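First up is the structure itself, then whatever we jot down about it.
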Ligand SMILES: [Fe+2]
């Protein structure tokens, strides 16, 4: 069965109401806030869409709130890419695929960055491979989408504020529809 934007809406309005692993906001609120910060920074519709959908893999993988404490990495970035591939091109997919690596990268090049991460994000960093080595930093920085991935990561890291008002899901889904490359958008 083909994954559609309607399926995405259903996911966020259903399982997306659950808490975002170890944080004080729901998966839906985290997605909306990520898109909100991207839009506020005048990002492209591709990056706003990537921000909205970057953690959909957590919902699809059925992440539980205590998975990180239990030492489970659900590989959510890979799960997201597998589901979203029929719908979007690389300008949406690549930043999503790289947003975990971007955390490992920023932790390597900016020692202060690590201290700004939430406790849950610091814990998951260890499960995700920890701080990048020099060779990994060089490889990441040479990726065409490195800047987009770092931008997405910055939006992601901010998007954990309880009760922050944002525009509704429909607003951001309309932006996603504008860059969706599938004919099956409804
Ligand atoms: Fe996130």
Between 0 and 90°, nearest 10: helix 169-179 axis offset from the chain longest Cα axis: 90 degrees
Value of [θ]222 nm, deg cm²/dmol, for the chain, DSSP H segments ≥ 4, -39500 (n - 2.57) each, nearest 500: -18000 deg cm²/dmol
Neighbour-count order for 85, 123, 2, fewest beta carbons within 10 angstrom listed first: 2, 85, 123
Evaluated at q = 0.16, 0.21, 0.22 Å⁻¹: base-10 log I(q)/I(0), Debye formula over Cα of the stretch 89-186: -0.79, -1.09, -1.14
Gaussian network model of the chain, Cα within-10 Å springs - most flexible of 135, 174, 38: 135
Distance in nm between pseudo-label sites at residue 85 and residue 141 (7 Å out along the Cβ direction from Cα): 3.1 nm
Neighbour-count ranking [beta-carbon atoms within 10 angstrom, fewest first] of 28, 52, 19: 19, 28, 52
Unit Cα scatterers, Debye sum, the stretch 1-151: log10 I(q)/I(0) for q = 0.09, 0.14, 0.16, 0.18 Å⁻¹: -0.27, -0.67, -0.90, -1.16
Relative exposure of 125, 164, 47, judged by other C-beta atoms within 10 Å (fewest first): 164, 125, 47
Gap separating the Cα centres of the stretch 135-178 and the stretch 24-52, nearest whole Å: 6 Å
Top of 148, 55, 110 by mean-square fluctuation, Gaussian network on the chain, Cα under 10 Å: 110
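Laboratory data are not the source of any read-out in this text; all were calculated from the coordinates shown. Predicted, not measured: the structure shown is a model, and the values here were computed from it. Every residue, glycine as well, gets a Cβ built from its backbone with ideal geometry; the counts of neighbours run over all protein chains shown.
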